[in-house]
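Below is one structure, written out as structure tokens; comments come after it.
The values are calculated or read from the model by the stated rules, or taken from the named source; none is laboratory data. Being a predicted model, the structure only gives us computed values, none of them experimental. Here Cβ is always computed from backbone atoms with ideal geometry, including for glycine, and neighbour counts include all displayed protein chains.
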Amino acid sequence: MAKLYFKFGAMGCSKTAQALITKFNYEERDMKVLLLKPAVDTRDGETVVRSRIGLQQEAIAVGADEDLHALYCNVYPDRDVVIVDECQFLTPEQVDQLADIVIERDIPVLCFGLSTDFTTHLFPGSKRLFEIAESISEIKSVCTCGAKATVNARLDENGKIVTEGSQICIGGNDRYVAMCRKCWLKRRAEQG
């Protein structure tokens, strides 16, 4: 029986690399993969999914108004699996559409992404995945102190932690660092 999977973690924990390795594993078994990414993520180009270690693949970029169920059924019905990178940027409705694909078509849908933003609040897409995914697993990341990283700290141009602003601000190592909550709180307090 197929499932809706949510594999989440803090920045730098290899979510994208694992998504691309999963794609490779399916394709190595002659299965067709539909690789999706939210169109809002333009870091590496409109249709490129790229990991920090250099793995990359072309993907279908989907806007927030795109019906993922219709996309699968009308354009890609021959795909054996759906993999979504940066799934935190999906809308709750799109997560429901992915769940419908799992139920109606009996194919697995694997979603890889962050759970929380730079203020430690859930992204709407991630919140919905926590609510309805049949399989939820954490991909762990490490803070500089050695503890498990759980916070995606956003940094300004001077390296100071930012605590206000838009929930979505696309960036990589230049804008974000994964930290444990203790180090994050300590650094915020030191900034005063």
Inset, instruction - Select from the range 27-49 the residues that are in a loop (DSSP other than H, G, I, E, B), out of contact with any Phe, Trp or Tyr (no Cβ under 9 Å at 6 or more places or on another chain), of a type outside the set (Lys, Arg) and at pLDDT below 90 and list them in ascending order. - result: THR42, ASP44, GLY45, GLU46, THR47
Inset, instruction - Could you check, for the range 14-26, whether at least one of its residues is over 17 Å from PHE123 (Cβ atoms), part of a loop (DSSP other than H, G, I, E, B) and in contact (Cβ under 8 Å) with a residue 40 or more places away in the chain? - result: yes
Inset, instruction - Would you mind listing the helices (runs of 4 or more DSSP H) fully within the range 77-192 where at least 2 residues are surrounded by fewer than 22 Cβ atoms within 10 Å (Cβ to Cβ) and modelled with pLDDT under 95? - result: 181-191
Legend entry - Any chance THR47 is among the hydroxyl-bearing types (Ser, Thr, Tyr), surrounded by fewer than 22 Cβ atoms within 10 Å (Cβ to Cβ) and out of contact with any His (no Cβ under 9 Å at 6 or more places or on another chain): yes
Inset, instruction - Considering only the range 21-34, state which residues are of a type in the set (A, V, I, L, M) and in contact with an Asp or Glu (Cβ under 7 Å, 6 or more places away or on another chain). - result: MET31, VAL33
Inset, instruction - Using the structure shown, decide if VAL75 is over 14 Å from ALA19 (Cβ atoms) and without any contact (Cβ under 8 Å) to a residue 12 or more places away in the chain. - result: yes
Legend entry - Given (1) outside any strand (DSSP E or B); (2) at pLDDT below 95, index of the condition ASP65 fails: (2)
